[in-house]
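The values are calculated or read from the model by the stated rules, or taken from the named source; none is laboratory data. In this text, all values refer to a predicted model and were calculated from it rather than measured experimentally. Methodologically, a virtual Cβ is constructed for each residue, glycine included, from the backbone with ideal geometry; neighbour enumeration extends over all protein chains shown.
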Amino acid sequence: MSLPNIVSKEQIQNQYTYIDGVAELIRGKQLRAYTHTFGCQQNEADTERIRGMLHEMGYEMTDSAEDADFILFNTCAVREHAEERAFGNIGALSHLKKRRPDLIIALCGCMAQQDKNVQKIKKSYPQVTLLFGTHALWRFPSLLYRTMTEKKRIFDIGGDENGEIAEGLPVMRENGAKAWLSIMYGCNNFCTYCIVPYVRGRERSRRPEEIESELRDLISAGYKDITLLGQNVNSYGKDLELDIDFADLLRRLNAVEGDFLIRFMTSHPKDAGPRLFDAMADCSKVAKQLHLPFQSGSDEILERMNRRYTAADYRKLITYARGKMPNLTLSSDIIVGFPGETEADFQQTLALVQEIQFDLLFTFLYSKRSGTPAAEYEDNATPAEKQNRFERLLRAQDEIVAKRQDAYQGKCMRLLVDGGARGTEYPYTARTEGNLLVCVRGDDIRIGTFIEAEIEKTSLRCLFARKR
Ligand code: SAH
Ligand code: SF4
Ligand code: F3S
């Protein structure tokens with residue numbers, strides 16, 4: 001396998017020249033930038049890079065699109081609904097653009113990587129002045145500079161479609177306790193329903209020393225809750241010439257000094273196994289939390305999804321993981337209504353959910369993505385049948401969560417305070433090690449610190465605790 005393609009230092013340096021160029025153009029104008037992110041954590045991390053670049057150029061950030069001189073939508077293509085929302089949002093901006101022709105409206109992310117969307121934007125959304133795909137993200141400064149100086153619409157959806165790695169770009173993170181840390185990009189799995197491999201390119205891993213150095217910077221800056229990101233973190237390192245896999249990376253990062261938690265997402269059942277779970281159990285800074293999507297409980301459906309594991313494999317993994325980590329918090333993703341899913345297939349999904357008792361489930365109705373193999377599969381179930389299955393699954397999970405939440409009653413737990421303070425009885429928000437949401441009350445609570453707290457009551461979405 002060839003090594004990941006790394007954007008050269010000179011090319012990155014060149015982008016810094018464009019950052020200075022834009023700064024020069026907007027100097028003294030006190031311009032404001034607004035960003036909105038759709039989609040997954042990877043997109044949120046990408047937006048933080050763009051905000052970093054905007055900040056270096058001299059833009060102030062604003063929470064209101066109405067006040068902004070630069071508006072960016074970072075889009076998601078994973079389901080039709082996400083695309084519709086993005087189009088709706090851009091549509092709503094046409095009046096702003098008419099009122100203020102200097103306004104720059106940019107669209108980037110996964111939708112911009114697809115020809116059908118690019119054509120639609122070119123033709124029907126003239127208010128979009130700058131469009132660039134995920135592979136062009138690191139070139140944003142030069143693209144913005146061109147938009148400003150050439151006074152025409154700029155489209156950059158090219159680039160190496162396998163994808164590259166760009167190190168050394170600025171980043172502007174939210175203040176607080178939590179930070180994203182990308183360890184790899186892209187996906188090679190080609191699950192038959194999924195658009196991600198087409199819009200994010202091939203799997204490529206950042207070098208461990210780059211990751212460790214970014215982690216050290218985050219810890220020095222006061223971040224306490226670090227989530228390692230990748231579409232399939234369990235294949236980390238396969239493309240590097242080094243003898244390192246994801247379990248090794250966790251051990252290496254766990255050795256960094258400081259009081260912090262490491263989480264990661266997403267894992268794939270075909271690549272996760274004892275090596276990973278042993279490392280999680282051994283590493284005190286690695287949260288005992290696992291997001292392991294299983295998608296369907298039916299082997300036939302799993303096969304047609306190209307997931308490359310069976311429901312029995314999945315059960316075995318969970319048994320091993322829970323054996324090693326009895327307090328493991330477990331979550332998963334499920335797709336309901338994949339083409340050809342019968343009631344009997346669905347029953348197997350329901351049975352797995354009942355059996356495993358997840359702490360949290362993300363359930364999705366299958367959404368047809370053109371260009372993926374499943375878009376061609378025959379689909380017999382009606383929308384009403386699919387909706388009915390979806391609702392039964394939600395009800396089953398709600399019952400499970402209610403029981404699991406009850407079990408926390410009276411327990412004492414270590415929590416990381418990550419938000420507040422609202423004027424309510426439980427003014428702060430915090431997270432358990434397993435990332436469950438807790439509302440907290442008590443004296444002398446500070447955001448970004450770990451506290452011990454006793455769970456006083458529970459609801460479906462939240463635990464309520466008092467600091468000890
Ligand atoms: N790489 C991660 C997450 C990918 S997208 C993984 O493999 O788990 C997040 C979730 O969206 C997926 O786990 C899947 O459940 C869901 N998803 C992806 N494509 C979808 C589609 N076409 N329709 C409905 N849900 C989809
Ligand atoms: Fe999509 Fe499958 Fe890759 Fe996840 S592993 S991003 S679901 S193709
Ligand atoms: Fe969406 Fe792209 Fe993430 S399609 S889920 S934003 S990788």
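For the stretch 364-381, the candidate set comprises residues that are surrounded by 14 or more Cβ atoms within 10 Å (Cβ to Cβ) and small (G, A, S); within that set, the residue that is farthest from ligand 3 (Cβ to nearest atom) is A381.
Restricting attention to the stretch 139-166, the residues being β-branched (V, I, T) and assigned to a strand (DSSP E or B) number 2.
Being over 30 Å from G222 (Cα atoms), in contact (Cβ under 8 Å) with a residue 40 or more places away in the chain and loosely packed, with under 15 Cβ neighbours inside 10 Å is a condition met by at least one residue of the stretch 407-419. Which one is nearest to ligand 3 (Cβ to nearest atom), of the residues in the stretch 231-263 that are in contact (Cβ under 8 Å) with a residue 60 or more places away in the chain and closer than 15 Å to Q42 by Cβ? Once the filter is applied, the top-ranked residue is Q231. Report, ordered by the first and then the second residue, all pairs with beta carbons closer than 6 Å, sequence separation of six or more or different chains, a first member in the stretch 348-371 that is within 13 Å of ligand 1 (Cβ to nearest atom), and a second member that is among the β-branched types (V, I, T). Within 6 Å, the pairs are T363/I334; F364/I335; L365/V336; Y366/I335; R369/I195. Summed over the stretch 165-223, residues that are within 25 Å of F338 (Cβ to Cβ) and more than 16 Å from ligand 1 (Cβ to nearest atom) total 0. Within the stretch 175-202, the residues that satisfy the criterion of being more than 9 Å from ligand 2 (Cβ to nearest atom) and among the polar types (S, T, N, Q) are N175, S182.
Here G230 clears all of (1) touching a Leu at 6+ places or on another chain (Cβ under 7 Å); (2) more than 22 Å from D313 (Cα to Cα) except the condition numbered (1). State yes or no: is R392 part of a strand (DSSP E or B), over 23 Å from the mean Cα position of the chain (by Cα) and touching a residue at least 24 places away in the same chain (Cβ under 8 Å)? When the stated conditions are applied, R392 does not pass them.
Does S213 meet the test of being more than 16 Å from ligand 3 (Cβ to nearest atom), among the hydroxyl-bearing types (S, T, Y) and either free of Cβ contacts under 8 Å to residues at least 24 places away in the same chain or in a helix (DSSP H, G or I) (or both)? Criteria met by S213. Picking from residues in the stretch 312-324 that are in contact (Cβ under 8 Å) with a residue 40 or more places away in the chain and within 25 Å of the chain's Cα centre (by Cα), the one that is surrounded by the most Cβ atoms within 10 Å (Cβ to Cβ) is Y314. Please determine, by comparing only the residues of the stretch 69-112 that are small (G, A, S) and in contact (Cβ under 8 Å) with a residue 12 or more places away in the chain, which one is farthest from ligand 3 (Cβ to nearest atom). Restricting to residues being small (G, A, S) and in contact (Cβ under 8 Å) with a residue 12 or more places away in the chain, the top hit is S94. Within the stretch 57-68, count every residue that is touching a residue at least 40 places away in the same chain (Cβ under 8 Å) and crowded, with 18+ Cβ neighbours inside 10 Å. Going through the stretch 57-68 one residue at a time, the tally reaches 1.
Given the criteria closer than 23 Å to G39 by Cβ, at pLDDT 95 or above, surrounded by fewer than 18 Cβ atoms within 10 Å (Cβ to Cβ) and in contact with a helix residue (DSSP H, G or I) (Cβ under 6 Å, 6 or more places away or on another chain), does L361 qualify? In short, no.
Of all residues in the stretch 167-196, those that are part of a loop (DSSP other than H, G, I, E, B) and among the aliphatic types (A, V, I, L, M) total 6. State which residue is farthest from T37 (Cα to Cα) when the search covers only the stretch 170-187 and only residues that are modelled with pLDDT under 95 and buried (at least 19 other Cβ atoms within 10 Å of the Cβ). If we take residues in the stretch 170-187 being modelled with pLDDT under 95 and buried (at least 19 other Cβ atoms within 10 Å of the Cβ), then A177 is farthest from T37 (Cα to Cα). If you go through the stretch 430-468 and keep only what is of a type in the set (V, I, T) and surrounded by 16 or more Cβ atoms within 10 Å (Cβ to Cβ), you end up with T432, V438, V440, I445, I447, I451, I455, T458.
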